[in-house]
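Rule-based calculations on the coordinates, nothing more; no lab input. Because the structure is predicted, anything quoted here is derived from the model rather than measured.
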Amino acid sequence: MYYAAANGLAEAFNKTLCNLLKKVVAKSKRDWHERIGEALWAYRTTVRTPTQATPYALVYGVEAVLPLEQQIPSLRIAIQEGLTEEENARIRLEELEALDEKRLEAQQGSSVTKPDCLGRSIKRYAQRLQMEARKRKNSIT
């Protein structure tokens, strides 16, 4: 079944994924299956303009811990390692409770751009209908 809004999003994501893969694969382009994990990690941990958040943060409620942060401990990692299990669980629960609000804000931020896209789509559809009507009128006469 074709669902225009979802298929448009899927096509946009596929385009983005292809562009990311072009940046990380070798010249032979035969190692794309080995590099897709890196490309997806880059996508998931990059802030998206419409939502002002990373996809990872919108799913899990916290920013991802980058591999570099494990090698060179950041302030966030140092604080987390100094917490007891109970404190860590309490903080994580607070973050999860705030997740719904964060997702709602992201959704509202992304919906600001949707009316423009919808308006353009409606205009294109109307233009297509007008062209079809002209073609039919010309073919009849």
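Work out how much length R35 to D100 would gain on full extension: take 0.36 nm times their residue separation and subtract the Cα-Cα distance, in nm to one decimal. Working shown, then result.
Working: separation 65, 0.36 × 65 = 23.40 nm, distance 3.23 nm.
Full-extension gain reported as 20.2 nm.
Specify whether the C-alpha gyration tensor of region 23-72 places it in the rounded, prolate or oblate class, a ≥ b ≥ c being the square roots of the eigenvalues: rounded for a/c under 1.5, otherwise prolate if a/b is larger than b/c and oblate if not. It comes out oblate by the Cα gyration axes.
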